[in-house]
Amino acid sequence: MSVKGSLKLGLLSMVAAAGLFTAANGFAADAHTTTKFDGVKANTGTASHSRQGNTDILTVSDDYKIPDTPAPHWQVVDSKGNVYLLSQQKIKDGKTNRKIALPSYIHDVAKVQTWCSFAEALLGEASFPTPIVTASGERTQSDSMAMSR
């Protein structure tokens, strides 16, 4: 094999390896799971993050038990410590919100909490190993990088 052929083969191998690495990381980036919920009432299960298009979704695991309190809500904390109170986990007629779409004003999520708005008490929380950047957070980061050029 000639030197030119060896260089082409080496370059193709590097491109293929980079493509496989990117694909593997792309799949991992689409789903993240928290630690187990820990708290006085919410102490089972985990939450996971996924993305459907540009919508970020949080879902609790099947073993998560929504606390038997008057008004348990979804609540998230971002990497700066900002707290966002979201929808109720229990709704009328025994229905539940085990999945929630994050609003676009939330740019990352460090913790998922269960908050009782009636008693104004934290019922439990679970943390991501590293904060999850949402689709709107990615857009904000790319906009600020473009502006700094």
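No other residue among 85, 122 is within 21 Å of residue 40 (Cβ to Cβ) and in contact with a His (Cβ under 9 Å, 6 or more places away or on another chain) apart from 85. Any residue at all in region 78-97 that's of a type in the set (A, V, I, L, M), under 14 Å from the mean Cα position of the chain (by Cα) and at pLDDT 95 or above? Checked region 78-97: no residue is of a type in the set (A, V, I, L, M), under 14 Å from the mean Cα position of the chain (by Cα) and at pLDDT 95 or above.
Yes/no matrix, rows are residues, columns are (1) touching a residue at least 24 places away in the same chain (Cβ under 8 Å); (2) crowded, with 16+ Cβ neighbours inside 10 Å; (3) small (Gly, Ala, Ser); (4) not in a strand (DSSP E or B):
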| site | (1), (2), (3), (4) |
| --- | --- |
| 41 | yes, yes, no, yes |
| 49 | yes, yes, no, no |
| 58 | yes, yes, no, no |
| 70 | yes, no, no, yes |
| 85 | yes, no, no, no |
| 104 | yes, no, yes, yes |
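Yes/no matrix, rows are residues, columns are (1) in contact with an Asp or Glu (Cβ under 7 Å, 6 or more places away or on another chain); (2) on the phi < 0 side of the Ramachandran plot:
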site: 85; (1), (2): no, yes
site: 88; (1), (2): no, yes
site: 94; (1), (2): no, no
site: 107; (1), (2): yes, yes
site: 113; (1), (2): yes, yes
site: 117; (1), (2): no, yes
site: 120; (1), (2): no, no
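Criterion applied to 126, 119, 135 was being farther than 24 Å from residue 61 by Cβ and in contact (Cβ under 8 Å) with a residue 40 or more places away in the chain, and the one residue passing it is 119.
The values are calculated or read from the model by the stated rules, or taken from the named source; none is laboratory data. Note that this is a predicted model, so its numbers are computed, not measured. Don't worry about glycine lacking a Cβ; one is built from the backbone with ideal geometry, like all the others, and counts go over all protein chains shown.
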